[in-house]
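Trainee: Supplied in structure tokens, the structure appears directly below.
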Amino acid sequence: MKLVVGLGNPGRKYERTRHNLGFLVVDHVARQNEVAIQKKLGDALIASWTAGGEKVVLAKPQTFMNLSGGAVRALMGKFGAIAEDLVVVCDDLDLPFGRIRIRPKGSAGGHRGLLSITEHLAGAAFARIRVGIGRPPEGIDSADYVLQPFSSEEKVGLDALIDRAAAAVVSLLRYGTRRAMERYNRAP
């Protein structure tokens, strides 16, 4: 079984913001697999299907980003998942817009959603797909920047980025972390 969690904030106010890129990516994977992330389970919305004989669960925690860990830990318990079954998709300030970085483990790197999950899993290693949103312009606070909608320039490439990040999720599920890293960790 694989549990793919997209990170974001619930509510209309945050729907198309940079910090909700994880939600946008898992929604795209859901559409590609003809499922809808609508079923409420604990503090998350989920959808599932079977691919190649393995159950895949997509989830969007409905806690705020910084509290994602509790929702993820509860889902893992409900599905009997271990850390190696978990794939987290999130935005990343330290990657230029459009870049993707897949890792089988690592630090939170200042991302509070990842930090919350790491703390709730007692530091256990889990795969992460970080999708670059770039640094804020001078004079704009990072916390404000991630909660803003994408700029007009970013919107031009946003659909292609979401599509590529969704393909990275599918590649990781199908072929494993190493092959997904080889294909997606380079500039587009």
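Values quoted throughout were computed directly from the atomic coordinates according to the rules given, and no laboratory measurement underlies them. Worth saying up front: this structure is predicted, and the values here are computed from it rather than measured. Heads up, the Cβs are rebuilt from the backbone with ideal geometry, glycines too, and the neighbour counts pull from every protein chain shown.
Trainee: Mind giving me the FRET efficiency for ASP141 and ARG179? R0 is 41 Å, r the Cβ-Cβ distance, nearest 0.05 is fine.
Mentor: The pair ASP141/ARG179 has a calculated efficiency of 0.60.
Trainee: Work out how far the C-alpha atoms of the chain reach from end to end along every principal axis, then list the three figures in whole Å, largest first.
Mentor: Each principal axis gives a Cα extent; for the chain these are 46, 31, 30 Å.
Trainee: Sorting THR50, THR118, THR63 on the 10 Å Cβ count, fewest up front, what's the list?
Mentor: THR50, THR63, THR118
Trainee: Could you compute the net charge surrounding LEU41? Neighbours are other residues with a C-beta less than 12 Å from the C-beta of LEU41; K and R count +1, D and E count -1.
Mentor: +3
Trainee: Where a ≥ b ≥ c are the square roots of the eigenvalues of the C-alpha gyration tensor, would you call the stretch 1-86 rounded, which needs a/c under 1.5, or, failing that, prolate if a/b is larger than b/c, or oblate?
Mentor: oblate
Trainee: Arranged by the count of other C-beta atoms within 10 angstrom, fewest first, what order do SER171, SER116 take?
Mentor: SER171, SER116
Trainee: Once you put a point 7 Å from the Cα of ALA51 and another 7 Å from the Cα of LEU67, both along the Cβ direction, what distance in nm separates them?
Mentor: 3.0 nm
Trainee: Also, I was wondering about something else. Excluding ARG103 itself, calculate the net charge of residues whose Cβ lies under 9 Å from the Cβ of ARG103, where each Lys or Arg counts +1 and each Asp or Glu counts -1.
Mentor: +4
Trainee: I would also like to ask the following. Picking from GLY42, GLY139, GLY52, which is most flexible by a Gaussian network model of the chain using Cα springs under 10 Å?
Mentor: Maximum among the listed residues: GLY139.
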